[in-house]
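The values are calculated or read from the model by the stated rules, or taken from the named source; none is laboratory data. What you see is a predicted model, and the numbers here were worked out from it, not measured in a lab. Cβ placement follows ideal geometry from the backbone for every residue including glycine, while neighbour counts extend to all protein chains displayed. Accessible surface is based on the protein model in full, side chains and every heavy atom, while ligands, DNA and RNA are left aside. Shrake-Rupley method; radii C 1.70, N 1.55, O 1.52, S 1.80 Å.
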Amino acid sequence: MNHRSLLGVLAAGALVLALMLAWLLRESHASALERAAESAENLAQVLQGQYTATLRRLDGSLGSIASQLQPQDLLPSPSTATQRRVALLVEPHLRRFPEVSGLYVWAADGSVIHSSRPVQAGQPQPSIAARPGYRRLRDDPSATIAFSDSILSSITGQQTVAVYVPRRDSSGRLLGVVSATLDLEYLTRGFDQLRLPDRSVVFMRRSDDHKLVIRHPLRDGDLNKPVRNAIQQHIDAGQTAGRDRFQAVTDGEHRVYGFRKLEGYPFYIVVGLAERGALVAWRKNAGIVVSVMVLMGLALGLALWHLGRIERQREMARREAQEAHALLQEAIDSISAGIVIYDPQDRLVTSNQAQRDLFRTVDGLFSKPGRTFEDLIREGLRHGLFPEASHAPESWAADRLRQHHAADGQPHEMVLGDGRWLQFSEHRTPQGYTVGTRIDITERKRLEAELRELASTDALTGLPNRRQFMLQLEGEIERVRRGSTREACVLMLDLDHFKRVNDRHGHAMGDSLLRHFAHLLRDELRTTDTAGRMGGEEFAVILPGSNLVAAQTFAQRLCDRLAAEPLAVGPARVEATVSIGIAAIAASDATPDAVLLRADEALYRAKTEGRNRVQLAGVPA
């Protein structure tokens, strides 16, 4: 082969590789944005679950209060006895909702019957007659719930949203309204734990008029403003979840978005991740590849310039060709994603350094061109590289070969023997070559596990949070209903005079007391029992297979132990007691709130009868 033919082959090879690298860069660009969109949608799903659960619990409690109010309780200008009776019905619910700053009961004309926050002397009695949420319930007999815009509370100074639930007679006529104010600052506290990239946003909008309810980070003047964008069009078209990508009108930032509509409520969550953060690694790799391609072009140009030289320069031209080939290898070695290329006969052509590093546990696995894909798979099986294949290696190998031969570009995931996770995809070029990419997604898997943990665990005590506890309680009620277990009990626990601890020793000591009590509680549980933190200083326990006598024994033992083991932090000692209400789970309990309400009423009696005691709830009819 003469010098011109050799140079032509090199030039053609460089062009093919340049096109391949350009294609890989384009695919990795799209893959980076797709991963960011997937992360945004996953985060939106986590927040959707949290907010839907909060609204369902609040909706259920407000409905429970409304159903227990008698028509005579809702007449304007109530008597003192009526106000006291309504307060006894409402106030136990307020303790179960740390995100609620107030509970109220209103007459049909909008005047106040009960307010959990006393009206200051000299101030006019509040009324909701002019509020849009009240008017909707009054004018629409089919309406079962209404929400206000985001408003600044004149009492707490915080942004809130009011939730209204009606009390109607059998004909649908409005007899009164039960309402609660949701503290939006409380709902947004968990955003910082998501560790979002810079310039990212999280917000919640109404799905009926698209007004902004919550935004993180908050921008002055944005609340209650409607918007027109692609996500709004998706919601109006009936979509409940999805992704999109566009430039924000408000700040000009390009973002990928994931959105989720709350189930049964007129709100939707949107998480937007800035593209500049998602493409940092891609831009770095693209710069390296472009630089190397420029160097490669210069090397080939130099070879052309030397083509007309005399015969003694042939050796120099050969060395320059070798340098060009080395630059091509350096180009793919500079890409952070693993790359492997097979020829039309499925033999290994080359791989980059990232690919070899990913499979470093099997020495030299991708360092020897010429081995077929099947040879490499079976070599990995012999070294235990693929734990998923341990039970049926031949079946697994056959499935992997079919997947490889399809080369449809779809992303797949696998776990390696050392615990690392890989995402891989394979594409077929028009020339019949198979190009595979491999990305280490171990960190992403870890972050996903952390998100799942955040969604189900109370960060302070390590116990299941209210949402996770309620799921466990639903399952236990179903087991009682099916007869899988004959009996089970629920305990509601509340630390006595907890506010005094915070006031006297500070909130850090209060947090230490909560952790101390959680430790004692966890130490007393059986493996089948479940404990959870319901909010503030309130906890709850499920005792499967226990009757009221056994549950009372457990509760008294816990009371005695807390009293006998005060919290000691340095020289400070904090003595604490706990009041406990116990209710047996009945097959007739339609929802977890039914048994929790009985346990909570027993807890209320324990509090009013002196604290540091155990009270049993009656058995439901």
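Which condition from (1) farther than 16 Å from Leu514 by Cα; (2) not in a strand (DSSP E or B) is the one that Leu562 breaks?
(1)
Take the range 258-304 and flag every residue that is at pLDDT 75 or above and among the small types (Gly, Ala, Ser).
Correct list: Gly258, Gly264, Gly272, Ala274, Gly277, Ala286, Gly287, Ser291.
Go through the range 373-396 and give me each residue that's surrounded by fewer than 16 Cβ atoms within 10 Å (Cβ to Cβ) and of a type in the set (A, V, I, L, M, F, W, C).
Ala392
Filter the range 426-484 down to the residues that are more than 16 Å from the chain's Cα centre (by Cα) and closer than 16 Å to Gly49 by Cβ, then identify the one that is least open to solvent (accessible area, probe 1.4 Å).
Phe469
Tell me, which residue of the range 228-246 that is assigned to a loop (DSSP other than H, G, I, E, B) and either basic (Lys, Arg) or buried (at least 16 other Cβ atoms within 10 Å of the Cβ) (or both) is nearest to the chain's Cα centre (by Cα)?
Once the filter is applied, the top-ranked residue is Asn229.
Here is a check on your reading of the model: is Ala508 farther than 16 Å from Val480 by Cβ and in contact with a Ser or Thr (Cβ under 9 Å, 6 or more places away or on another chain)?
no
Mind counting the residues in the range 397-423 that are touching a residue at least 40 places away in the same chain (Cβ under 8 Å), touching a Pro at 6+ places or on another chain (Cβ under 9 Å) and either crowded, with 17+ Cβ neighbours inside 10 Å or of a type in the set (Val, Ile, Thr) (or both)?
Here the count works out to 1.
Mind checking whether some residue in the range 524-539 is in contact with a helix residue (DSSP H, G or I) (Cβ under 7 Å, 6 or more places away or on another chain), among the acidic types (Asp, Glu) and in a helix (DSSP H, G or I)?
Taking every residue of the range 524-539 in turn, at least one turns out to be in contact with a helix residue (DSSP H, G or I) (Cβ under 7 Å, 6 or more places away or on another chain), among the acidic types (Asp, Glu) and in a helix (DSSP H, G or I).
Failed condition for Thr527, given (1) within 28 Å of Gln50 (Cα to Cα); (2) among the hydroxyl-bearing types (Ser, Thr, Tyr); (3) in contact (Cβ under 8 Å) with a residue 60 or more places away in the chain, with all others met?
Result: Thr527 passes all but (3).
Scan the range 252-271 for residues that are without any contact (Cβ under 8 Å) to a residue 24 or more places away in the chain and either loosely packed, with under 15 Cβ neighbours inside 10 Å or part of a loop (DSSP other than H, G, I, E, B) (or both) and report the count. First the steps, then the outcome.
Pass one, the range 252-271, residues without any contact (Cβ under 8 Å) to a residue 24 or more places away in the chain: 252, 254.
Among the residues that remain, those that are also either loosely packed, with under 15 Cβ neighbours inside 10 Å or part of a loop (DSSP other than H, G, I, E, B) (or both) are: 252.
The total comes to 1.
When you go through Phe191, Phe246 one by one, which is the residue that is aromatic (Phe, Trp, Tyr) and either touching a residue at least 60 places away in the same chain (Cβ under 8 Å) or in contact with a strand residue (DSSP E or B) (Cβ under 7 Å, 6 or more places away or on another chain) (or both)?
Phe191
Of all residues in the range 566-621, which are of a type in the set (Asp, Glu) and either crowded, with 22+ Cβ neighbours inside 10 Å or in contact (Cβ under 8 Å) with a residue 40 or more places away in the chain (or both)? Give the steps one after another, and end with the answer.
Step one: filter the range 566-621 for residues of a type in the set (Asp, Glu), giving 575, 589, 593, 600-601, 609.
Passing the criteria: Asp589, Asp593, Asp600, Glu601.
Just give me the residues in the range 514-525 being open to solvent by less than 30 Å² (accessible area, probe 1.4 Å) and either closer than 22 Å to Met470 by Cβ or modelled with pLDDT under 95 (or both), in sequence order. So that I can check it myself, show each step before the final result.
Filtering the range 514-525 for residues open to solvent by less than 30 Å² (accessible area, probe 1.4 Å) gives 514, 517-518, 520-521.
Once the filter is applied, which keeps residues that are open to solvent by less than 30 Å² (accessible area, probe 1.4 Å) and either closer than 22 Å to Met470 by Cβ or modelled with pLDDT under 95 (or both), the range 514-525 yields Leu514, Phe517, Ala518, Leu521.
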